[in-house]
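Data block below; observations after.
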Amino acid sequence: MVFSITSFNFSCSKSSSTTGGGGGGRTNSVSIANMAFGPSTLIVKVGTVVTWKNNDGFAHTVTSDDGTSFNSGTIASGSTFSYTTVTVGTFDYHCNIHTGMKASLVVKP
């Protein structure tokens, strides 16, 4: 009997949602790539450190829509921005440079 191994490439879509924060293999990071935040919705617990990494070849921002919860300033290509969640709620955010880039951070108790 002959077995073959095939490798597969998986990617997140813009409509993906991930629960994170608190170990157990759950993610607390967001990739900025191809002009999108991935996952587009990240669900974490209060006190979780969320890190965004800019994997695009140009600058982006991570800015809460309310204008006060968090604001990364400019994140250069290859750089990161981290934020520790402190308040329960849903925080929609965007890139100030590329206004069509939008996502949500959901913080649970």
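Since every read-out is calculated from the coordinates, none of them should be taken as a lab result. Quick caveat: nothing in here was measured; it's all calculated off a predicted structure. Cβ coordinates were reconstructed from backbone atoms using ideal geometry, including for glycine residues, and neighbour counts include every protein chain displayed.
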Practice task
With the convex hull built on the Cα atoms of region 34-99, state its orientation-averaged projected area in nm².
Solution key: 4.1 nm²
Fill in the blank from the handout: Applied in sequence order to region 36-43, the curve 6.51 cos²θ - 1.76 cosθ + 1.60 (Karplus, θ = phi - 60°) yields integer Hz couplings, x standing for Gly and Pro, of 8, 8, x, x, 6, 9, 10, 10
Problem - Dipole moment magnitude, nearest 20 debye, region 17-108 about Cα centre, only Lys, Arg, Asp, Glu C-beta charged - result: 280 debye
Problem - Under 5 Å, built H, 5+ apart or other chain: amide partners of Ile97 - result: Thr61
Practice task
Taking amide H positions as placed in the peptide plane 1.01 Å from N, state which residues far from Phe91 in sequence (5 or more) or on other chains have amide H under 5 Å from it.
Solution key: Leu105, Val106, Val107
